Amino acid sequence: MAIPYYLVDNALTENPNDFRGVLGLKGVKTELDIVVRILKNNVGISEAEILAVLKQEQSAIKEFLEDGYKVDAGLFAIKPTMKGVFDSAKEIFTDEKHALRFRIAPRKALKAILKNISLVKVVNGGVRPVITVFEDMISKTNDDTITPGKTAKLFGDKLKFDVEDVEQGIFFIKDKYKDNSNRKHKKGIISW
């Protein structure tokens, strides 16, 4: 099946006539979706066993990275890298001037998948904003927690709105649930 894409103004260049492509991805698959897909192949092991192996793999990767190793996980390689300039040979790493980041690179097996993906251009007729990530700055979680009265960041597409129009903006709507265990998040609508 082809992945749809559409073109939007390329705000990253000074050329007012160029565009960038945006993929119309179907959503996000989670670790549980991976387990369900594995079980679909009837491999003879339980969901709990698969989850345990995946958790152990993640734990091993984290430990190797913390110990200073580059990790080749088959589909991708990941390694810690440094960002920033050192003005002299005596200068040491500081959080204010330098940053520790991860560089993730696809391996051959992952790159080969690109040959199997086809694209189809669609007209971006939608005018609705799309929220892809809600980042709570206090709890440092994505798409999970909302800390009342504190700062959050939204990432997505078409998030501009007219501040003069009271019908436009971000609105939190209290739903029928009273405790946090029943909160819902659907397609850019967060109900509480």
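The values are calculated or read from the model by the stated rules, or taken from the named source; none is laboratory data. Owing to the predicted nature of the structure, the values given are computational and were not obtained by experimental measurement. Glycine gets a Cβ as well: all are built from the backbone with ideal geometry, and neighbour counts include every protein chain shown. With ligands, DNA and RNA removed, areas are computed over all heavy atoms of the protein, side chains included. Shrake-Rupley method; radii C 1.70, N 1.55, O 1.52, S 1.80 Å.
When each of LEU100, LEU75 is tested for being touching a Leu at 6+ places or on another chain (Cβ under 6 Å) and either modelled with pLDDT under 90 or not charged (D, E, K, R) (or both), the lone residue that passes is LEU75. Within the stretch 124-143, the set of residues being open to solvent by 50 Å² or more (accessible area, probe 1.4 Å), assigned to a loop (DSSP other than H, G, I, E, B) and modelled with pLDDT under 80 comprises ASN124, GLY125, VAL127, ARG128, PRO129, ASP143.
Out of LEU7, LEU39, LEU32, LEU54, one residue alone is within 30 Å of ILE131 (Cβ to Cβ), in contact with an Asp or Glu (Cβ under 7 Å, 6 or more places away or on another chain) and either modelled with pLDDT under 90 or of a type in the set (A, V, I, L, M, F, W, C) (or both). It is LEU54.
Selection within the stretch 1-56: residues that are within 29 Å of VAL120 (Cα to Cα) and among the polar types (S, T, N, Q). The member of this set that is surrounded by the most Cβ atoms within 10 Å (Cβ to Cβ) is ASN10. Under the condition of being assigned to a loop (DSSP other than H, G, I, E, B) and among the aromatic types (Phe, Trp, Tyr), the residues counted in the stretch 50-90 number 2. Name the pairs: first residue in the stretch 63-77 and open to solvent by 100 Å² or more (accessible area, probe 1.4 Å), second residue among the acidic types (Asp, Glu) and not in a helix (DSSP H, G or I), Cβ to Cβ under 7 Å, at least 6 apart or on different chains? Partner pairs satisfying both residue conditions: none exist. What single numbered condition from (1) surrounded by 12 or more Cβ atoms within 10 Å (Cβ to Cβ); (2) among the hydrophobic types (A, V, I, L, M, F, W, C); (3) over 22 Å from ILE3 (Cβ atoms) fails to hold for VAL85? It fails just one condition, (1).
Pairing residues of the stretch 143-157 that are among the polar types (S, T, N, Q) with residues that are exposed (fewer than 12 other Cβ atoms within 10 Å of the Cβ) and assigned to a loop (DSSP other than H, G, I, E, B), at Cβ distances under 9 Å and at least 6 apart in sequence or on separate chains, gives THR147/MET137; THR151/MET137.
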